[in-house]
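The values are calculated or read from the model by the stated rules, or taken from the named source; none is laboratory data. Nothing here was measured: the structure is a model prediction, and the numbers come from that model. Cβ sites come from the backbone with ideal geometry, for glycine too, and all protein chains shown count toward neighbours. Heavy atoms of the whole protein, side chains included, go into the accessibility calculation; ligands, DNA and RNA do not. Shrake-Rupley method; radii C 1.70, N 1.55, O 1.52, S 1.80 Å.
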Amino acid sequence: MIMESPLPKTQSNNDLQEFLSGFNSDSEVVKILNKIGVRPSKGLGQNFLIDTSVSESIVDALNIDDNDTIVEIGPGLGALTRYLIGKVKKLVLVEYDRRIYEYLRDVLSGVDGVEVFHQDAVNFDVRPFYAEDAVKVIGNLPYSCGTEIIRNFLTFPSPVDSAVFMLQKEVVNRFCAVPRTKSYGLLTVITCAYWNVERLQDLTFQPFTPKPAVDSAVLRFSPCDSDKYPPFNQRVLKRIVKCGFHERRKQLKKRLPLGDTDWSELCKAMDLQETARAEELSINEWINMARFIDDNPLKDNPQMGNELFDVVDEDDRVVEQMERSHVHSEGLLHRAVHVFVFNKVGDLYLQKRSVLKDSSPGLWDSSASGHLDVSEEYHCAAIRELSEELGISLEVNLICSIKPSENTGWEFVRLYRCEHNGPFNLPYSEIAGGGFFPIAMIGEWVRERPEDFASGFIKCLNSYVD
Ligand code: SAM
């Protein structure tokens with residue numbers, strides 16, 4: 001297939017033209033490998049795709065748009081890359097082999113919107129992608145570390161909107177498995193709790209040079225709708241699923257870290273057999289079990305419109321008490337705290353609010369925040385919110401006070417700080433997840449996509465940075 005060049009016509013670049021016109025035979029691949037001094041490595045999964053129709057169908061499956069940022073993992077000699085160049089806003093290539101990286105860097109230097117990284121995709125920092133509008137990931141993945149790469153890019157909360165990967169069939173079977181089969185396990189449950197996984201294509205022949213020892217198939221990942229499963233704590237789910245599948249044939253009651261949970265009571269509530277084994281539970285049942293076993297006292301804390309707040313005057317003096325819903329709907333002045341939790345390298349923890357919250361559902365927010373209870377001091381409220389939202393008991397220091405405005409929701413806000421490296425015990429009815437981010441990265445994200453954040457957080461960030 002002849003590709004239209006993304007370069008201005010005046011610029012001659014033979015290597016680029018050769019790269020874009022591609023290859024479809026073993027000998028052409030070998031010629032390029034010899035030219036750049038690469039002997040295909042089994043450890044790096046260097047089996048290069050030589051069938052252009054397979055390449056095209058994989059790229060088609062990603063449904064690219066000219067406003068997309070595409071990350072290609074392990075671009076190799078460009079079997080997929082050449083169908084992406086010039087078609088998207090930004091193309092990020094992550095290649096671990098130094099010689100192949102240098103080849104791509106040289107051939108693609110000067111091509112608008114293409115960035116080439118010499119890095120291990122297992123540890124590639126995905127956080128800067130939050131600042132992008134739509135992020136899609138693609139790759140004919142190295143089979144040695146394909147699942148680790150997927151974990152790095154798709155673990156919730158992830159900046160990725162969709163992904164298409166080619167993997168070895170045995171791993172594809174695990175992602176797509178159903179209960180009561182050998183392939184069903186930790187990988188299936190942990191992934192499918194967040195992602196819909198579609199098996200698009202099984203390759204019935206081996207269109208690679210050199211030919212791999214195993215068969216391959218193509219998968220597409222798209223995020224589950226937020227109401228597909230009830231909210232749950234990711235850490236609890238992972239812990240019980242891991243323990244459950246550690247010895248998959250053993251009865252769960254002998255394997256699970258139940259804490260104070262009574263197994264018979266759990267089985268009764270979930271309509272489960274007391275002799276249930278890990279491989280018999282559906283993803284929905286695993287999630288419900290995680291919700292049941294979760295010992296966070298606030299895991300099911302409902303939002304209450306009739307909670308009482310102190311209403312204050314313009315000098316922050318208490319004038320009366322009113323119900324939360326009334327205070328908010330009338331825009332009355334009241335009080336709140338935000339806490340910024342930094343880790344030891346100075347990154348700030350952001351929480352992603354639950355989609356069940358009545359204000360700013362699903363948005364990113366301060367590490368912890370909340371209203372003051374009636375007659376409560378700001379400082380005490382900050383310590384209480386840290387304990388309720390993150391499960392930690394710590395002293396806090398005042399950073400600044402912020403005057404009420406539309407952006408703070410007419411709240412007098414006091415912003416505090418403290419240091420903790422996590423992990424945190426999050427109440428799933430309030431917080432879906434979170435992560436540590438460098439302040440500069442958050443600044444860029446807020447500039448590019450302010451709609452991702454609760455407005456009170458943006459006000460706090462600006463006050464902190466000023
Ligand atoms: N995309 C090319 C294709 O379809 O022909 C190459 C695919 S080949 C199966 C895997 C590619 O991933 C190779 O280029 C290899 O060097 C690269 N690779 C291996 N391990 C990697 C890692 N940890 N991070 C990034 N790239 C990696």
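General remarks:
- Here is the figure for segment 39-80: residues that are of a type in the set (A, V, I, L, M, F, W, C), part of a loop (DSSP other than H, G, I, E, B), open to solvent by 10 Å² or more (accessible area, probe 1.4 Å) and within 11 Å of the ligand (Cβ to nearest atom) total 3.
- Within segment 239-270, if we keep just the residues that are aliphatic (A, V, I, L, M) and part of a helix (DSSP H, G or I), the residue that is nearest to ASP294 (Cα to Cα) turns out to be ILE240.
- Filter pass, ALA276 being among the hydrophobic types (A, V, I, L, M, F, W, C) and either closer than 30 Å to MET322 by Cα or more than 30 Å from the chain's Cα centre (by Cα) (or both): yes
- Selection status of SER375, under 24 Å from ASN306 (Cβ atoms), touching a His at 6+ places or on another chain (Cβ under 9 Å) and open to solvent by 10 Å² or more (accessible area, probe 1.4 Å): no
Per-residue answers, yes or no, for (1) out of contact with any Gly (no Cβ under 8 Å at 6 or more places or on another chain); (2) open to solvent by 20 Å² or more (accessible area, probe 1.4 Å); (3) not assigned by TED's automatic domain parsing to the domain that holds VAL59:
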position: ALA213; (1), (2), (3): yes, yes, no
position: VAL218; (1), (2), (3): yes, no, no
position: ILE240; (1), (2), (3): yes, no, yes
position: HIS246; (1), (2), (3): yes, yes, yes
position: GLN251; (1), (2), (3): yes, yes, yes
position: ARG255; (1), (2), (3): no, yes, yes
position: GLY259; (1), (2), (3): yes, yes, yes
position: SER264; (1), (2), (3): yes, yes, yes
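- Boolean, ASN301 is closer than 24 Å to TYR428 by Cα and in contact with a strand residue (DSSP E or B) (Cβ under 6 Å, 6 or more places away or on another chain): no
- Some residue of segment 281-291 being touching a Gly at 6+ places or on another chain (Cβ under 6 Å) and closer than 27 Å to SER354 by Cβ: no
- Residues in segment 9-29 that are more than 13 Å from the ligand (Cβ to nearest atom) and under 19 Å from PRO212 (Cβ atoms): SER25, SER27.
- The residues in segment 220-238 that are touching a Leu at 6+ places or on another chain (Cβ under 7 Å) and either closer than 25 Å to ASP295 by Cβ or open to solvent by 60 Å² or more (accessible area, probe 1.4 Å) (or both) can be counted, and the count is 2.
- Filtering ASP112, ASP120, ASP161 for residues that are modelled with pLDDT under 95 and either open to solvent by 20 Å² or more (accessible area, probe 1.4 Å) or in contact with a strand residue (DSSP E or B) (Cβ under 9 Å, 6 or more places away or on another chain) (or both) leaves a single hit, ASP112.
- In segment 134-161, the residues that are not assigned by TED's automatic domain parsing to the domain that holds GLY362 and assigned to a loop (DSSP other than H, G, I, E, B) form Cβ pairs under 9 Å with partners that are open to solvent by less than 10 Å² (accessible area, probe 1.4 Å) and polar (S, T, N, Q), at six or more places apart or across chains, as follows: ALA134/THR69; TYR143/SER216.
- Segment 17-38, subset outside any helix (DSSP H, G or I) and surrounded by 13 or more Cβ atoms within 10 Å (Cβ to Cβ), residue modelled with the highest pLDDT: VAL38
- Which numbered condition SER183 fails, given (1) away from the ligand (no atom under 16 Å from the Cβ); (2) open to solvent by less than 60 Å² (accessible area, probe 1.4 Å); (3) within 20 Å of the chain's Cα centre (by Cα): (3)
- Residue list for segment 259-303, restricted to those being in contact with a Pro (Cβ under 9 Å, 6 or more places away or on another chain) and charged (D, E, K, R): GLU279, GLU280, GLU285, ARG291, ASP294, LYS299, ASP300
- If you go through segment 85-99 and keep only what is away from the ligand (no atom under 11 Å from the Cβ) and surrounded by 18 or more Cβ atoms within 10 Å (Cβ to Cβ), you end up with ILE85, GLY86, VAL88, LEU91, VAL92.
- For segment 194-230, the candidate set comprises residues that are within 12 Å of the ligand (Cβ to nearest atom) and among the β-branched types (Val, Ile, Thr); within that set, the residue that is nearest to the chain's Cα centre (by Cα) is VAL218.
- Of the residues making up segment 271-287, at least one is surrounded by fewer than 15 Cβ atoms within 10 Å (Cβ to Cβ) and in contact (Cβ under 8 Å) with a residue 40 or more places away in the chain.
Every residue, every condition in (1) within 18 Å of SER463 (Cβ to Cβ); (2) modelled with pLDDT of 95 or more, yes or no:
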site: VAL341; (1), (2): yes, yes
site: ASP347; (1), (2): no, yes
site: ILE402; (1), (2): yes, yes
site: THR408; (1), (2): yes, no
site: CYS418; (1), (2): yes, yes
